[in-house]
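What follows is a set of notes on a single structure, which appears directly below.
The values are calculated or read from the model by the stated rules, or taken from the named source; none is laboratory data. These numbers come from a predicted model, not from an experiment. Note: ideal-geometry Cβ built from the backbone for every residue, glycine included; neighbour counts use all protein chains shown. To get the accessible areas, we keep the full protein, side chains included, count just its heavy atoms, and leave off ligands, DNA and RNA. Shrake-Rupley method; radii C 1.70, N 1.55, O 1.52, S 1.80 Å.
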Amino acid sequence: MTALNIRNYQNSALIPSYGHTSCTHKNPLAIVKYCNAPPSLSLVNGNMNLTIPCNASDITEYWCPITKNSAMTFQKESYVAENNGWCADGENIFAAYIIPDQPELSLSSEHAYKYLIELTQKLGYTNIYRIWNYIGRINTPNINGLERYRDFCTGRANAFEALNYAPSTLPAATGIGFHDGGIAIFLIARKTPEAINIENSLQIPAYQYPQCYGPKSPSFARATMIDTQDGQRLYISGTASIRQHASLTDSLEQQISITIENIQNIIKTLRADSKYPKEYLCDSLKIYVRHEQDAALISAAFQDAFNIAAKNAPVLIADICRSELSLEVEGVFRS
Ligand code: 3EB
């Protein structure tokens, strides 16, 4: 496997967009469909098509490189097998791994993470700046009685430890559950090395959660920011109603307002630091809602709080990694 040497998109980054107007999603590296279908990977017109099983939603997400000159076209290189694949443009890579369902998940999760990290190293896209994890039946026990999310977290942490990742170098991530399937993991990475991982002063780092949440803590930062040829992009991790390490779940309204404050606090902290830009605009959100009947209230609150149109803030009906939580929200902001 050799990656393109042409840095035709130097210092660009992959961002998601949604909907069906093809002109605004020109030349994607990957298209992710969240719909009622089994997990799958395929190559279509030179880009990767990834299906994530999501019973109650039908969302299409396009991963395109951003550049100042939007008319620019670029070469792509890709490889897709049954359970893993990638598509790259010389600066950016989108890589995915599907783990078939099984009674115990930590060893296969460790293997998938090692595979993906080593793949990015081999191809030269060493700066992994954002990861997504979609886990079938996330809140149910595995064959040994350990919750499947905690089982997955163990394997993921073991992979990062084995590859000598210091906790502070872990990128932003999302951990979400769908009704069936094993695990689908995808990541975005690039050749330009710098990334800033950001924590939230209202929460303890996830990688320091106490053991009551599982044998190994979740491996992710609250946000990752990278510089691009078109300003900064801030990738906010899946964010929920958690303060320090405890879930706050008195009411749905409380979960909404705590989650909004958590995202706002990350941005507020950046704005207060003279090293970083002063203004951040919301490019897109992805809103995960456990109970379909809560979707309208939750999505209206987030559209309002972050001044974002509904078409750029899709709602997915999904399970959240802590069974007591009703929502989790991720997003991309620009400076
Ligand atoms: C939390 O803050 C909520 O395991 O990759 C959010 C984002 C959550 C990512 C992950 C989990 C993950 O702990 C859950």
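Some notes on this structure:
- Dimensionless Rg ratio for region 74-172, taking C-alpha atoms and the 2.2 N^0.38 Å reference: 1.15
- Cα-based convex hull, region 189-335, per residue volume (Å³, whole number): 122
- Between region 95-168 and region 258-301, the alpha-carbon center distance in angstrom: 26
- The chain - percent of accessible surface contributed by carbon and sulfur, probe 1.4 Å: 51
- Electrostatic dipole magnitude of the chain [Cβ: Lys, Arg +1; Asp, Glu -1; Cα centre; debye, to 20]: 780
- Percent of alpha-carbon pairs separated by more than 17 Å within region 113-253: 63
- Cα-only Debye scattering, the chain: base-10 log of I(q)/I(0) at q = 0.10, 0.11 Å⁻¹: -0.53, -0.65
- In the frame of its principal axes, region 290-335 has Cα extents of 34, 20, 15 Å, reported largest first.
- Helix content alone sets the calculated 222 nm mean residue ellipticity of the chain: runs of n ≥ 4 DSSP H residues at -39500 (n - 2.57) each, divided across all residues, give -6500 deg cm²/dmol.
- Nearby lysines by direct alpha-carbon distance to LYS68 (threshold 26 angstrom, same-chain neighbours under 8 apart not counted): LYS26, LYS76, LYS191, LYS275, LYS278, LYS286, LYS311
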